[in-house]
Amino acid sequence: GVNVSNPTRAPETFYVSPGVYDFSKDAAGVFFLNQASEFGVQHLTMFANSAPAPLTSGKASCNGQFVSGTGEAYGTFLADVVQHFRGMGVGIDFVSPMNEPDSSFGPSPCGQEGMQVLPS
């Protein structure tokens, strides 16, 4: 995560640019996702702590807010990631697009990823 000081709380993102992804990133997370699938976990939920840094107000993985007007780009990113893993046989059933949206986890550098999502 961009501007996150604790590497264990900052997994690498697949996002490179709109529609361009690097699925070799976050190898440990992908390993555990595949293990859960292979061991028959029936319902897998994908969740995000933050939108990709370029889609946040601070251009970082924390200490920023969801930017009004980026919803379509963020939704496309999430849908593309789900489609990628489903294509590999991983059954993702649910998507949680934000986690703990009441905090940005700032100031920067932050201890973990997070994106504040304000009511609109």
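The values are calculated or read from the model by the stated rules, or taken from the named source; none is laboratory data. Just so it is clear, the structure is predicted and the values come from calculations on it, not from any experiment. All Cβ positions, even for glycine, are placed from backbone atoms using ideal geometry, and neighbour counts span all protein chains on display. What goes into the accessible areas is simple: the full protein's heavy atoms, side chains included, and nothing from ligands, DNA or RNA. Shrake-Rupley method; radii C 1.70, N 1.55, O 1.52, S 1.80 Å.
Which of (1) modelled with pLDDT of 95 or more; (2) more than 14 Å from the chain's Cα centre (by Cα) does residue 81 not meet, given it meets every other one? Checking residue 81 against (1) modelled with pLDDT of 95 or more; (2) more than 14 Å from the chain's Cα centre (by Cα), the one that fails is (2).
Hey, could you check region 79-90 for residues that are closer than 20 Å to residue 41 by Cβ and in contact with a strand residue (DSSP E or B) (Cβ under 9 Å, 6 or more places away or on another chain) and say which is surrounded by the fewest Cβ atoms within 10 Å (Cβ to Cβ)? Walk me through how you get there before you give the answer.
Taking region 79-90 as the starting set, the residues that turn out to be closer than 20 Å to residue 41 by Cβ are 81-90.
Then keep just the ones that are in contact with a strand residue (DSSP E or B) (Cβ under 9 Å, 6 or more places away or on another chain); that gives 81-82, 84-86, 90.
Numbers: 81: 19, 82: 16, 84: 14, 85: 18, 86: 12, 90: 18.
Looking at the filtered set, the residue picked out is 86.
A Cβ distance below 6 Å, combined with a sequence gap of six or more or placement on separate chains, defines the contacts here; from region 92-120, residues that are more than 15 Å from residue 56 (Cα to Cα) and of a type in the set (Asp, Glu) reach no residue that is open to solvent by less than 70 Å² (accessible area, probe 1.4 Å) and assigned to a loop (DSSP other than H, G, I, E, B). Pairs linking a residue in region 40-51 that is assigned to a loop (DSSP other than H, G, I, E, B) to a residue that is basic (Lys, Arg) and surrounded by 14 or more Cβ atoms within 10 Å (Cβ to Cβ), with Cβ atoms under 9 Å and 6 or more positions apart or on different chains, are 49/9.
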